[in-house]
1. Only residues that are free of Cβ contacts under 8 Å to residues at least 40 places away in the same chain and surrounded by 20 or more Cβ atoms within 10 Å (Cβ to Cβ): list them for the range 446-459, please.
2. For residues in the range 483-496 being touching a Ser or Thr at 6+ places or on another chain (Cβ under 8 Å) and of a type in the set (A, V, I, L, M), which is modelled with the lowest pLDDT?
3. Note down all Cβ pairs under 6 Å where the first residue falls in the range 51-71 and is outside the structural domain of I27 (by TED's automatic domain parsing), the second is buried (at least 24 other Cβ atoms within 10 Å of the Cβ) and modelled with pLDDT under 95, and they're at least six residues apart or on different chains.
4. From G423, G428, G443, grab the single residue that is outside the structural domain of G527 (by TED's automatic domain parsing), closer than 30 Å to G274 by Cβ and surrounded by fewer than 16 Cβ atoms within 10 Å (Cβ to Cβ).
5. (1) at positive phi; (2) in contact (Cβ under 8 Å) with a residue 24 or more places away in the chain: which one isn't true of Q141, the others all being true?
6. Is it the case, given these coordinates, that A480 is at pLDDT 95 or above and either under 30 Å from T304 (Cα atoms) or aliphatic (A, V, I, L, M) (or both)?
7. Just to check your reading of the model, which residue among I320, I335, I347 is modelled with pLDDT of 85 or more and in a strand (DSSP E or B)?
8. Considering each residue of the range 130-166, count those that are among the basic types (K, R) and surrounded by fewer than 21 Cβ atoms within 10 Å (Cβ to Cβ), and give that number.
Amino acid sequence: MTSHSSSADVDGRWDEEYDIICVGSGIGGLSGAITAASKGLKTLVVEKTSQFGGVTALSGGQIWSPANKYQLARGIEDSVEDGIRYIEALADGWANDRMTRNLFNTANEAVDFLEEKGVKFRMIPNLPDYYYPDLRPFAKQDGRYFDAEPFDLRRLGDGYRHKLRHKAWSSPEMAGITGRPEAQRQDCVYTGEALAGYFLQAALEAGATCRTNSPVTRLIRGEAEAGTSPRVTGVVVKGLDGGGREQRIRATRGVLLAVGGYDHNSALVHRYEGRFEPYGTLVFPGIDGDHLAMGADAGAAIATLPPSRSIVQRAVRTGIRRDEDVSSPTWDNEILAMYWPVGPHEIVVNRAGKRFADETFYPELHASLHVLDPVRHVHPHWPTWLIMDDNYWSSPMRRQQPGPPKEQCHVADTLDELATKAGINPLGLKSTVDRYNDMCRQGRDDDFHRGERPWVTSSLAFAPLGTSPLGPIEQAPFYATKLIQAFLGVGAAGLEINQHAQVVRQDGRPIPGLYAAGNSAARTDLGMMLQSGVTNLRGMVYGFLAAKHMADDGCRSRL
């Protein structure tokens, strides 16, 4: 097991020295690296795995920010204050107002700076906020989303182009550039890969040193002074750049932890997420909660949110296993595929055979899983099953989202037989399907308004023309597969930070020389809110703020 204990800098021996060390190469670590290196600081990025980009590369690549420059350039009225009020309405009292305002009041400054350094953004048109029109006037119909332009991998050169993490579902359709010349180029990547690509290129061009296969095993700290925590002065890296021995690397200004969540650490998942079985993760091995272990050893406060508002998706099994031999909670290394039940001829039901949410809107679906029956003390909506008929397999949506392999499903000629095989109440399933089919014929889901939310309809712009989220379940044979709760690198727990992205102790005082960004930082700025694009925004802004603060001469570690 890897040790994450911190050690005092007793003998002062160092193998290398930098001003700033960024641990992790997602948008948080790379934003910090771009900012620091651009300010003339000697900067090192160390990535635990063999590829750069982190969870950012696996994301949809969206950034959500109110009153952003791309929105205002199109004449769309908005204000940062309206965006903050929208967040506060969703936070349910769990957000720190100062942190919320700090995040969104800094966003435009960070965007301007990063754009100057070569990151190319563009607005995503016609995509409303999650909760539009419910939370008008603070929710907006258009303009708050932007992402990166398609990225040409040749920009990275031969030494780095093959080190950028890829995902299977990036496509011109998803990126909204079908018909443009770059859509035909094999060297182009889109969405999260493009975002990570631009940030990696900008970090390299700014002069940052970026290394893969370089896991940090512990923080190094100096001696404590009266009334303060010991300063973090460096890190120990095991097998730097794939080598065999540990190296002590000094950071004269500070260390930025931006290593994602803790998806592959089953103990932390159980502790902070209230583990539902079956569960797994959609991210690569290496997201182990290293920041929590190292931060705790340095005296950091760990802040948590209720797991019902964690960013969790539904997933299906693929039957494909990873090449890596890793210890993880993901089905004995079986790769999972994110599944969005938005097509026709499919519904999601609980063990009683009942629908319980709008399947097309994941925040509603996930929160419903955490409903507790206070009398029987059970979660009535977990486990949950995807129910399909034979028409499902020929739906045009299958070309965009393959779904579960047939061999992973229960199959039966009748719904009664299917329910018995899957462990679902037969009478409940039959009545649910009958009612759902009636609503499909009427063209409206009166129970949960499936597919009616503006964000859902806009997000389905990539779907084949004429595809409806409603479609009856009537053609035998019928299929059922148990859905999996799948984490995405964003947990309920993280290191608590202040407005400079400094990691703080339980008493609120900062730990000198230690910073956190992205999914490693607790979501005290957002509270219970879920809104796509904010995760990437947080990484970008807090990496930027951390590096700015470290660039101050007053943050130099004592010699």
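The values are calculated or read from the model by the stated rules, or taken from the named source; none is laboratory data. Owing to the predicted nature of the structure, the values given are computational and were not obtained by experimental measurement. Here the Cβ is made from the backbone with ideal geometry for all residues, glycine too, and neighbour counts use every protein chain on show.
1. none
2. By that ranking, first place goes to A486.
3. Qualifying pairs under 6 Å: none.
4. The match here is G423.
5. The one condition Q141 does not meet is (1).
6. Yes, satisfied.
7. Among I320, I335, I347, only I347 is modelled with pLDDT of 85 or more and in a strand (DSSP E or B).
8. Of the residues in that region, 5 qualify.
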